[in-house]
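Let me begin by presenting the structure, written as structure tokens, before commenting on it.
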Amino acid sequence: MSVVTNTTTIGAIDAPSRRNTELALVVFAVAISVFAYANVGLALNGELPAGMLGYGAGLALLGGVAHLVVRRFAKYADPLLLPLATLLNGLGLALIWRLDQSERLARLPSFAPAASKQLLFSAMGVALFIGVLLLLKDHRILQRYTYISMVVALILLILPMFFPAQFGAKIWITIPGIGSIQPGEFAKIVIAIFFSGYLMVKRDALALASRRFMGMYLPRGRDLGPILAIWAMSILILVFETDLGTSLLFFGMFVVMLYVATERTSWIVFGLTMSAVGAVGVASFEPHVQDRVTAWLDPFAGWGTHAASEQMAQVLMAFGSGGTLGTGLGQGNSDLILFAANTDFILATVGEELGLAGVMAFLLLYGLIVERGVRTALAARDPFGKLLAIGLSGAFAIQVFVVAGGVMGLIPLTGMTMPFLAAGGSSVIANWALIGILIRISDTARRPAPAPAPSTDAEMTQVVRP
Amino acid sequence: MNKPLRRVAIFCGILVLSLLIRDNWLQYVRADELTSHKYNRRVEIERYAHERGDIIVDGKAVTGSAETEDSDFTYKRVWKNGPLWAPVTGYSSQAFDSSQLENLEDGILTGNDDQLFFDRTLSMFTGEKKRGGNIVTTLNGDAQRAAFKGLGEKKGAVVALDPKSGAILALASTPSYDPSVFAGNSLKDSENRQKLLKDKDKPMLNRALRETYPPGSTFKVVTAAAALENGLYDDIDAKTESPLPWTLPQSTTPLQNEGDIPCENATLREALRVSCNTVFGKMSDDLGNKKMIEQTDKFGFNKEVFTPVRADASIYPEDNRPQNAMAGIGQASNRTTPLQMAMVASAIANDGKLMRPYMVAERQAPNLDPVYTHEPEELSRALSGENAQKVQQMMETVVKDGTGTNARIPGVTVGGKTGTAQHGLNNSEKPYAWFISYAKTDSGSPVAVAVVVEDGNANRDDISGGGLAAPIARDVMKAVIDSKK
């Protein structure tokens, strides 16, 4: 066994790729998820669930194939992102399957078992993940599609307006035979690409060619104009579609990326002011929002009279009843939430059945994904990669905050899905794509610099060893 | 670009941190409040997830649990012979909460009480299924059945006490109801309950504990006790200073006796035997309102009694002189519960010592180990032993050859007092028939009873207390004595 000693000034030594770490963690993630599945079966029916092997094999296959693709095509990628996504996706499946077993939910006319569909969607998500890694050899290629991304994002956002509203929000497009998809989830990624591409080019102009106004630096209209217009349009569309979670998400992402691109704190002030104005403005005329705010302020006051409040109260009671350690998977009554128990409110099931410990673990898993994303942004060598990575991870963080904060009553509820956890095809597919892009950027970022061509001069400077 | 990136990282960290803090607030700090919130259905689900413990009479359970299918509540309460025991157990409904023993002893019955902590912890390790503990009552099944049989279709109530301990032996209220009919949470249960609530006979009213009646002539026993205790009279066979007719103080209205009975200067014994209004009315007036209140206080009037089921307070009010004189014959504004009159009879039978009435003899853990055993407790000294025996002699005369002959039991000494309480404007309503009594054997008195029948005899004869209520009291007393043999 040879000891690698770095004796050259210019290293050609491979940085550790950490692929084996990733493999071990993926195995761990699959094992934990299978245990969760077994736990649900034992708690609900007193026996191991019949589909346990199929479920375990399916999840292992997804994780395994994804891992092999990363090993082959993104050798230096961050080793945590894939296992984290696999674990969240696997546990999400177990939770959805647990709620499928609920008799209470089964009595709802709008309810349909979602676990098998979710497994299919997860497979599609992993397929897209693999597609990203195979087709996107270098994330910088995406720069070329800056303006195409803008158009695609707008189309994605406008489309749902032509479809009927479901549950008070026009955020779905229904394709006969396939089901409904939520374009907002995909728009999140596409618009991040647009912002990155645009800001990379304009960041100097935005940061430097500005006029001082009331102690703040305001950029010139021609620099800010296009991006402001796109942003305003997407917000307006979303407001008309009453998809507030996503508008908040876009706005947050926009401010974060602008701040990172220009390095000017004034953007934060600017962004916060605008969001405050926007929030108050929307809340004052949109009954959907007023409902949510009422439910947030005192959920128990509207018991029996106000559906949104009652549901919020049910969610809070689910969390409270879980307590510190939870009731155990399958042994709680989080299905009392009824409508959207396995989508928007799935975190409440975690809260009741896995308790404070479980929810904190989940939040930390999400925190880790964000942390790895920010780390990728720090490590990235090109501004586009930095912006894209921080945009995507910032969006991820904001989405987790808005959903979890809404469900836990920290902020008013806006309907969005917990990434990977909640039942819903668009969400799981889009988030796998998001992880794919982050992995691609991190691979590029951590890839060691190519070895310099051997030169005689270099030879001369080598340390002479006995 | 790295400096803002680091700041964004911190910002994301703050987002996650605020979620963690919120989660701790929700699931740790507020957990108890939310877990037990009144809207939290989990409380009910948990409550009905296990078999409820039983209420036990004479060693046998009068309640049970049945598995239900149609809701998320697994078990519901059932009663064996519900109407017979409803005045004791109360109800326990999945949809409409619970009452009386089912309510007060809920902790034991569900198994959640702190007294069962050890037991619960133990079964956590042995893996035993959770079950509630039992409540052993003091009731006597035979006496309870005799009371219900005696009341029959009539509205009324019976309370029987063991004078030596205060144990409640019978607690009957008619018409009664079957709590089983609304123990579940279906639409049918709701309809059944509505029907019971709308019934003009108020079957869900516990007349033994929660209805106060004018006590009528049975109250003369209290007035006699007050006279003896305050030294107004010493000898029950000496003549009293009682003119006939006797006019109510501050008034020109003479107080009437029922019929032509020998009340002029009658002895105490004679006055009680034939139930003289004039003698006792004057006695109450001579004693005055304050002394009467003092005496009733000693018998347990003027405050609520907890058995542990709450009984309404029986009232002897502060009144003006004519009212006080009328109250001395149980006819003005004083009102008592049947329980209170049973307490009066039992205090006299127990030589003046009033024991605290109770109906829970023992609380048992699910494994039948007792976690609580009731110790009889003296509530007050209602009158001296000597005076109590004097009142006993008077009451025994009433049964031997007075108005209460219907209560005679061969071979047993019985003391009693009848009463017919007029009520309604100008006595327009049917009077209440009362009877209070006790039985005495060689080993002291095993039972004291109070009976009230609401639809008393229309002829307003004092005998009606003896005619309607006394036979019921007799049967209850006999049932207790027979069950001791």
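For the peptide A:397-410, the mean number of other protein chain Cβ atoms found within 10 angstrom of a residue's Cβ is 4. Of the accessible area of the range B:336-485, computed with a 1.4 Å probe over protein heavy atoms only, carbon and sulfur atoms account for 44 percent. The residues of the range A:278-308 listed by number as losing at least 50 Å² of accessible area in the complex, against the isolated chain and with a 1.4 Å probe, are A:Phe300, A:Trp303. Look at where the Cα atoms of the range B:248-269 and of the range B:361-377 average out, and the two centres are 51 Å apart. Counted without the sites themselves, the longest stretch of chain A free of chymotrypsin sites (Phe, Trp or Tyr not before Pro) in a DSSP loop having at most 16 other beta carbon atoms within 10 Å is A:1-166. When the GluC sites (Glu not before Pro) in the range B:311-409 are filtered for DSSP coil states and for at most 15 other beta-carbon atoms within 10 Å of their beta-carbon, the remaining sites are B:Glu318, B:Glu377.
Amide H contacts under 5 Å for A:Ile171: A:Gln166, restricted to partners 5 or more places along the chain or on a different chain, H placed in the peptide plane at 1.01 Å from N.
Split the accessible area of chain A by element, probe 1.4 Å, and carbon with sulfur accounts for 68%. Note: relative contact order over chain A, using C-alpha pairs below 8 Å and six or more positions apart, is 23 percent.
Placing dummy labels 7 Å off each Cα toward the beta-carbon, the span from B:Asp199 to B:Thr74 is 3.3 nm.
Checking every one of the trypsin sites (Lys or Arg not before Pro) in the range B:1-96 against DSSP loop status and a limit of 12 other Cβ atoms within 10 Å picks out B:Lys38. Between the Cα long axis of helix B:141-151 and the first principal axis of chain B there is an angle of about 60°, rounded to the nearest 10. Between the amide H of B:Ser380 and those of B:Leu354, distances stay under 5 Å, these residues lying 5 or more places away or on another chain, with hydrogens modeled in the peptide plane. For the pair A:Ala307 and B:Glu362, label points projected 7 Å from Cα toward Cβ lie 5.6 nm apart. Give me the angle, in degrees from 0 to 90, between the Cα long axis of helix B:470-484 and the longest principal axis of the Cα atoms of chain B, rounded to the nearest 10. Here the helix axis deviates by roughly 60 degrees. Residue-wise HN-Hα couplings along the range B:336-351, as the Karplus relation 6.51 cos²θ - 1.76 cosθ + 1.60 with θ = phi - 60° gives them from phi, are 9, 8, x, 4, 4, 5, 5, 5, 4, 4, 6, 5, 5, 5, 8, 6 Hz; Gly and Pro carry x. Measuring r between the beta carbons of A:Leu120 and A:Leu42 and using R0 = 30 Å, the FRET efficiency lands at 0.75. Here the Karplus curve 6.51 cos²θ - 1.76 cosθ + 1.60, taken at θ = phi - 60°, turns the phi angles of the range B:270-280 into couplings of 5, 5, 6, 4, 9, 6, 7, 6, 4, 4, 6 Hz, with x standing for Gly and Pro.
Axis angle, to the nearest 10 degrees, between helix B:187-198 and the longest C-alpha principal axis of chain B: 30 degrees. Comparing Cα centroids, the range A:339-382 and the range B:137-166 end up 65 angstrom apart.
Where the accessible area of the range B:173-323 is counted over protein heavy atoms with a 1.4 Å probe, how much of it, in %, is carbon and sulfur? Carbon-and-sulfur percentage of accessible area, whole number: 48. Averaged per residue, the protein assembly as shown has 42 square angstrom of accessible surface, using a 1.4 angstrom probe with ligands and nucleic acids left out. Only one residue of B:Thr418, B:Ile348, B:Thr336 has its Cα farthest out toward the positive end of the dipole of the range B:318-476, where Lys and Arg carry +1 and Asp and Glu -1 on Cβ, and that residue is B:Thr418. Buried accessible surface for the B/A pair, both sides summed and rounded to the nearest 100, is 3600 Å² with a 1.4 Å probe.
Here B:Ala313 and A:Ala106 are evaluated by their C-beta separation; at R0 = 51 Å the FRET efficiency comes out at 0.45.
For the range A:88-113, heavy-atom accessible area (probe 1.4 Å) falls by no less than 30 Å² from the chain alone to the full protein assembly at A:Arg104.
The simple Förster model, with R0 at 60 Å and r as the Cβ-Cβ distance, assigns B:Arg381 and A:Leu325 a FRET efficiency of 0.60.
Our coupling estimate for the range A:379-394, obtained by passing each phi through the Karplus curve with A = 6.51, B = -1.76, C = 1.60 and θ = phi - 60°, is 7, 4, 9, 10, x, 4, x, 4, 5, 5, 5, 6, x, 5, 6, x Hz, Gly and Pro reported as x. Label-to-label distance for A:Ala31 and B:Thr247 is 10.6 nm, based on points extended 7 Å past Cα in the beta-carbon direction.
Considering helices alone, the calculated mean residue ellipticity of the protein assembly as shown at 222 nm is -16500 deg cm²/dmol, with DSSP H runs of length four and up weighted by -39500 (n - 2.57) and normalised per residue. Shown for chain B: cysteine residues without a partner Cβ closer than 4.7 Å, namely B:Cys12.
In the range B:11-38, the residues whose accessible area drops by at least 50 square angstrom when the other protein chains are added to the isolated chain are B:Cys12, B:Leu15, B:Val16, B:Leu19, B:Leu20, B:Arg22, B:Asp23, B:Leu26, B:Gln27, B:Leu34; the probe is 1.4 Å and only protein heavy atoms count.
Of the trypsin sites (Lys or Arg not before Pro) found in the range B:117-152, those that fall in a DSSP loop while having at most 11 other beta-carbon atoms within 10 Å are B:Lys129.
The values are calculated or read from the model by the stated rules, or taken from the named source; none is laboratory data. Keep in mind it's a predicted model, so treat the numbers as computed, not measured. Please note: Cβ atoms are built from the backbone with ideal geometry, for glycine as well, and neighbour counts cover all protein chains shown. Remember, those area values only see protein heavy atoms, side chains included, never the ligands or the DNA or RNA. Shrake-Rupley method; radii C 1.70, N 1.55, O 1.52, S 1.80 Å.
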